[in-house]
1. Ignoring everything except DSSP H segments at least 4 long, calculate the 222 nm mean residue ellipticity for the chain; use -39,500 (n - 2.57) per segment, divide by total residues, nearest 500.
2. Run the accessible area of segment 43-181 with a 1.4 Å probe and give the carbon-and-sulfur part as a rounded percent.
3. Convex hull over the Cα atoms of segment 35-181, averaged projected area in nm²?
4. Over the chain, calculate the relative contact order: mean separation of alpha carbon pairs under 8 Å at least 6 apart, over the residue count, as a percent.
5. May I ask you to order 108-114, 17-23 by the average number of other C-beta atoms within 10 Å around their residues, highest value first?
6. Using a simple spin-label model with points 7 Å from Cα along the Cα→Cβ vector, what separation in nm is obtained for Ser90 and Thr12?
7. Highest mean first, what order results for 27-37, 4-14 on Cβ atoms within 10 Å?
8. Mean separation of Cα pairs under 8 Å and 6+ residues apart, divided by the residue count of segment 86-149: what relative contact order is that in percent?
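The values are calculated or read from the model by the stated rules, or taken from the named source; none is laboratory data. Computed from a predicted structure; not experimentally measured. Here Cβ is always computed from backbone atoms with ideal geometry, including for glycine, and neighbour counts include all displayed protein chains. Protein only, heavy atoms only, side chains kept; ligands, DNA and RNA dropped before computing areas. Shrake-Rupley method; radii C 1.70, N 1.55, O 1.52, S 1.80 Å.
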Amino acid sequence: MIEKYDLLLGLTAIGALIGYELMLVVFVLEAGTIGLEYVLLGQVPLIVLALYATAKRYATFDSLVVATAWSLSIVLSVLVATAQPISRASVIVFCLWFLIAFAGVESRNIDDIPGDTALGKRTLAGYLGRKNTRILVVGLKGFATGLFWYRFGPTVGALVVAHLLLLWFFRRITPSESGSQ
């Protein structure tokens, strides 16, 4: 299917990239209260995408950069759309989402331990093993969720819990790459 629609998928990706860049620049120009640093920060996820193959060569570095890109995308999208300056609260939200995103990436590495080991790829999950990686994942997500709840109140905490439960649910109903669930 990918080969059949390669051109269409490529054009769609280019269109999405152009739309993203235009949206970012237009929001920054319209707001007037936020600067071009937002446009520069908006390039981080694209840089991560471009350098991802290189990042995968180093143990856990790929998880760190992916978590950074996801967290920055989430926080920056809200800041740009609401024309809010970077604040202490936005840095805290970035850090907490980073922990959750990092844990999510590492949770997927659990299933990759046998393949990564066979390929000689070193990952944090490979170092820690399945059980300890699961403990790390639950611990990081629980810690970040608890801090969201403590710092931003029960409504925000409940929304984070709901988000994590939805992710868990969809992962359970989605077949793995090996074809099993």
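1. Working: 8 runs with 145 residues, N = 181.
When only DSSP H runs of four or more count, the value is -27000 deg cm²/dmol.
2. Values: 5950 of 8620 Å².
Within segment 43-181, the accessible surface is 69 percent carbon and sulfur.
3. If I average the Cα hull's projected area over directions, I get 9.7 nm².
4. It rounds to 16 percent for the chain.
5. In decreasing order of mean packing, 108-114, 17-23 become 108-114, 17-23.
6. Result: 3.1 nm between the two label points.
7. Working: 27-37: 13.1, 4-14: 10.1.
My ranking of the peptides, most packed first, is 27-37, 4-14.
8. Reported relative contact order: 43 percent.
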